[in-house]
Amino acid sequence: MAAMDLNRMIERLNALIALDYDAVGAYAAAIHRIDVESLRMRLREFQQDHVRHIQDLSRVVMDLGGTPRQKPDAMGFILKGFTAVTSMMGNEAALQAMRGNEVLTNHTYRMALDESWSDEARAIIERNFSDEQRHLAFIEDALRNRSWEQLPMQP
């Protein structure tokens, strides 16, 4: 693997930051629509993981002399809107939308690990990818077990 130049590294980190901003918005839309408190609580935890990803990656971008992304890109608004509309169809649809979002974030983080990073950036990306794998595993398990049917709905 050839070392990335500084500008490319900042650009790639900012792309991951944008992805995490997108995820924060998508989680907000799903959390708003899901009516099972235990599922909402887990999704809030995952949303906070994405907030931490943004903070950690932003710190690395600043350490490299770059300016971290401060908001989602156009795709983020599309994902949030898609998740919100899909979530109107119920818990299962909201989780299906979130599964799609997490498949995307898992793929993107996995691909990012193929690049040559500083030790600090690689450690953060690996930790974030581990979070993404955990998020996807939970959502897939909830869908497989239809956990919203086994839990009382909240008023």
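The values are calculated or read from the model by the stated rules, or taken from the named source; none is laboratory data. The model shown is predicted, which means the values in this text are computed figures rather than measured ones. Note: ideal-geometry Cβ built from the backbone for every residue, glycine included; neighbour counts use all protein chains shown.
From the list R33, R40, which residue is modelled with pLDDT under 90, farther than 17 Å from N128 by Cβ, over 13 Å from the mean Cα position of the chain (by Cα) and not hydrophobic (A, V, I, L, M, F, W, C)?
Values: R40 fails: modelled with pLDDT under 90.
After ruling out the rest, the residue left standing is R33.
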- prompt: Counting only residues that are buried (at least 21 other Cβ atoms within 10 Å of the Cβ) and either more than 17 Å from V103 (Cα to Cα) or in contact with a Pro (Cβ under 7 Å, 6 or more places away or on another chain) (or both), how many does the range 37-53 have?
  reply: 1
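Take the residues in the range 7-32 that are among the charged types (D, E, K, R) and surrounded by fewer than 20 Cβ atoms within 10 Å (Cβ to Cβ); name whichever of them is farthest from D141 (Cα to Cα).
Initial filter on the range 7-32 (among the charged types (D, E, K, R)): 8, 11-12, 20, 22.
Adding the requirement that they be surrounded by fewer than 20 Cβ atoms within 10 Å (Cβ to Cβ) leaves 8, 11-12.
Numbers: R8: 37, E11: 34, R12: 31 Å.
Going through the qualifying residues, I end up with R8.
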- prompt: Can you tell me which residues in the range 111-133 are touching a helix residue (DSSP H, G or I) at 6+ places or on another chain (Cβ under 8 Å), over 15 Å from L16 (Cα atoms) and free of Cβ contacts under 8 Å to residues at least 60 places away in the same chain?
  reply: Q133
message: Of everything in the range 55-71, what is part of a loop (DSSP other than H, G, I, E, B) and surrounded by fewer than 19 Cβ atoms within 10 Å (Cβ to Cβ)? Give them in sequence order.
response: L64, G65, G66, T67, P68, Q70, K71
- line: Restricting attention to the range 80-115, the residues that are under 27 Å from R127 (Cβ atoms), crowded, with 21+ Cβ neighbours inside 10 Å and either modelled with pLDDT under 65 or not β-branched (V, I, T) (or both) number exactly 9
message: Cβ-Cβ distance below 8 Å, separation of 6 or more or different chains: which pairs start in the range 33-62 with a residue that is closer than 22 Å to E11 by Cβ and end on one that is hydroxyl-bearing (S, T, Y) and in a loop (DSSP other than H, G, I, E, B)?
response: V60/S118; V61/T67
